[in-house]
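Reviewing the structure listed below.
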Amino acid sequence: MLKGKLITLGVTGSIAAYKAAELASLLSKAGADVHVIMTAGAQKFVAPATFAALTGNPVQTDLFAGTDGPGGAGGPLLPHIELAKADLLVVAPATANILAKAAHGLADDLLSAAILAAPGPVLFCPAMNVHMYRNPATQANLAALKKYGRHVLEPGKGRLACGETGEGRLPEPPEIVAEIARLLGPAKDLQGLFVLVTAGGTREPLDPVRFLSNRSSGKMGYALAAAAAARGADVTLVTAPTALPVPAGVKAVLVETAQQMLEAVREHFPRADVVIKAAAVADYRPARAAEQKIKKEGETLVIELVKNPDILAELGRHKKPGQVLVGFAAETENLLANARRKLEEKNVDLLVANDVTRPGAGFGADTNLVKLIYRDGRVVDLPLMKKTELAHRILDAAHALRG
Ligand code: CTP
């Protein structure tokens with residue numbers, strides 16, 4: 001996720017400056033190109049050579065280092081502008097002083113000038129004495145920075161280097177790395193792929209005002225479409241009615257019945273690299289949809305149902321080498337046996353099986369609890385997680401199957 005990213009790391013004069021060395025090391029190991037700016041205060045705690053060795057890049061400390069001109073003794077002519085152009089600028093640890101300067105637009109040293117000049121995301125990781133942190137001036141500065149669109153990773157609570165206890169601890173470096181990865185967004189690893197997703201519960205009309213349907217909310221399918229688009233894929237979402245907005249960057253095809261879903265899917269299937277059938281397709285539909293509203297006449301009403309086409313099974317029959325087909329299996333009993341049978345019968349590459357009777361799993365919930373079942377017999381038991389996160393796991397698995 002951080003591979004090839006240009007990250008400027010600002011280190012200021014807090015006792016936690018030593019933790020910035022681990023942060024620089026983690027970022028470099030993750031493949032980022034890390035350029036460190038140290039304030040004068042930071043250099044009282046850690047030597048620039050430490051960061052130069054960990055990142056493989058020279059450490060910058062001087063706003064005027066480049067006044068000799070390009071190629072001169074000091075390097076770039078405008079180091080603060082060059083360093084500000086990173087994919088992300090992180091200040092860790094951030095002292096009360098740098099927060100105050102950044103909140104007021106001061107630019108009297110290299111780091112504060114780079115922060116002011118940064119067009120992209122800037123993340124502050126405050127670390128200081130608890131009273132300095134709680135001081136209304138510091139709190140006002142943090143609020144101002146957030147208002148200006150800068151990001152703040154709140155400090156942890158605990159025993160501080162000054163001997164006091166409270167908030168002010170720099171979050172652990174892996175936590176900072178996770179926040180940086182979140183801010184930079186997912187890698188565009190699905191660029192160039194066409195991903196077809198189906199979602200929602202189909203509606204099978206009984207008469208002009210009534211239909212048969214199911215409890216599907218569409219959340220899983222929409223999360224998959226959103227995640228694939230965020231990762232750079234070209235995404236078409238064939239969706240039965242839901243209460244959800246179409247995710248950014250996704251082309252939606254609105255359908256109601258299983259038959260309409262089949263036709264829309266058929267149209268897009270030939271160019272699909274990955275197809276994910278998260279829709280809850282009605283297995284049966286009323287044999288006839290009455291033209292007029294059915295009147296309340298007899299004591300009982302018998303509705304004849306006929307079988308709907310199985311869309312996934314049809315795709316399985318026409319699948320070409322290189323196309324990855326992902327199905328879902330919603331079960332209330334014998335999860336593994338039923339899911340394995342569906343995987344075989346429908347010729348899918350990956351089946352996402354959930355026991356919809358388990359708390360937090362299945363229809364309507366924001367979370368899901370699933371097993372990923374592969375053709376080679378592998379079963380991956382995933383823990384309960386948000387559907388938005390599960391969407392990425394399913395895409396990871398489908399992407400890996402493409403080789
Ligand atoms: N599916 C489909 N067309 C249908 C029924 C299901 O494409 N007419 C797809 C679903 O989108 C899902 C998978 O098949 O990806 C499994 O759906 P599920 O309802 O669990 O299984 P069914 O095949 O309908 O089997 P059963 O109802 O007997 O459990």
*Restricting attention to region 165-178, and to residues there that are in contact with a Phe, Trp or Tyr (Cβ under 9 Å, 6 or more places away or on another chain) and either among the hydroxyl-bearing types (Ser, Thr, Tyr) or closer than 22 Å to Ala102 by Cβ (or both), which single residue is least open to solvent (accessible area, probe 1.4 Å)?*
Gly168
*Starting from residues that are near the ligand (Cβ under 8 Å from one of its atoms) and not aliphatic (A, V, I, L, M), keep the ones in region 263-289 and report whichever is most open to solvent (accessible area, probe 1.4 Å).*
Asp283
_Show me the helices (runs of 4 or more DSSP H) found entirely inside region 238-351 where at least 2 residues are over 21 Å from Lys219 (Cα atoms) and among the aliphatic types (A, V, I, L, M)._
311-318, 335-345
*asked:* I'm trying to understand the selection: among the residues of region 33-50, which are open to solvent by less than 10 Å² (accessible area, probe 1.4 Å) and within 30 Å of the chain's Cα centre (by Cα)?
replied: Val34, Val36, Ile37
*asked:* So, in region 120-152, how many residues would count as being crowded, with 16+ Cβ neighbours inside 10 Å, free of Cβ contacts under 8 Å to residues at least 60 places away in the same chain and not in a helix (DSSP H, G or I)?
replied: 8
_Yes/no for Leu212 being modelled with pLDDT of 95 or more, closer than 29 Å to Ala243 by Cα and in contact with a His (Cβ under 8 Å, 6 or more places away or on another chain)_ = no
_As an exercise: evaluate Gly403 against (1) more than 23 Å from Asp189 (Cβ to Cβ); (2) without any contact (Cβ under 8 Å) to a residue 60 or more places away in the chain; (3) part of a loop (DSSP other than H, G, I, E, B) and give the number of the one condition it does not meet._
(1)
*Looking at this structure, is Lys293 surrounded by fewer than 16 Cβ atoms within 10 Å (Cβ to Cβ), more than 11 Å from the ligand (Cβ to nearest atom) and within 25 Å of Leu350 (Cβ to Cβ)?*
no
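Residue-wise test of (1) under 18 Å from the mean Cα position of the chain (by Cα); (2) in a strand (DSSP E or B); (3) free of Cβ contacts under 8 Å to residues at least 60 places away in the same chain.
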| site | (1), (2), (3) |
| --- | --- |
| Ala178 | yes, no, yes |
| Ala187 | yes, no, no |
| Val197 | yes, yes, no |
| Leu206 | no, yes, no |
| Phe211 | no, yes, yes |
| Ser217 | no, no, no |
| Met220 | yes, no, no |
| Ala226 | yes, no, no |
*Could you count how many residues in region 153-164 are open to solvent by 30 Å² or more (accessible area, probe 1.4 Å) and at positive phi?*
1
*In the list Lys19, Lys85, which residue meets the criterion of being in the same structural domain as Pro171 (by TED's automatic domain parsing) and either open to solvent by 60 Å² or more (accessible area, probe 1.4 Å) or out of contact with any helix residue (DSSP H, G or I) (no Cβ under 8 Å at 6 or more places or on another chain) (or both)?*
Lys85
*Please enumerate the residues belonging to region 230-242 that are closer than 22 Å to Met385 by Cβ and open to solvent by 20 Å² or more (accessible area, probe 1.4 Å).*
Ala230, Thr242
*For Ala361, which of the numbered conditions (1) at pLDDT 95 or above; (2) open to solvent by less than 40 Å² (accessible area, probe 1.4 Å) fails to hold?*
(1)
*Can you tell which of Lys342, Lys307 is more than 33 Å from the chain's Cα centre (by Cα) and within 12 Å of the ligand (Cβ to nearest atom)?*
Lys307
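The values are calculated or read from the model by the stated rules, or taken from the named source; none is laboratory data. Just so you know, these numbers come straight off a predicted model, no measurement behind them. For neighbour counting, all protein chains shown are included, and Cβ atoms are generated from backbone atoms with ideal geometry for every residue, glycine included. Heavy atoms of the whole protein, side chains included, go into the accessibility calculation; ligands, DNA and RNA do not. Shrake-Rupley method; radii C 1.70, N 1.55, O 1.52, S 1.80 Å.
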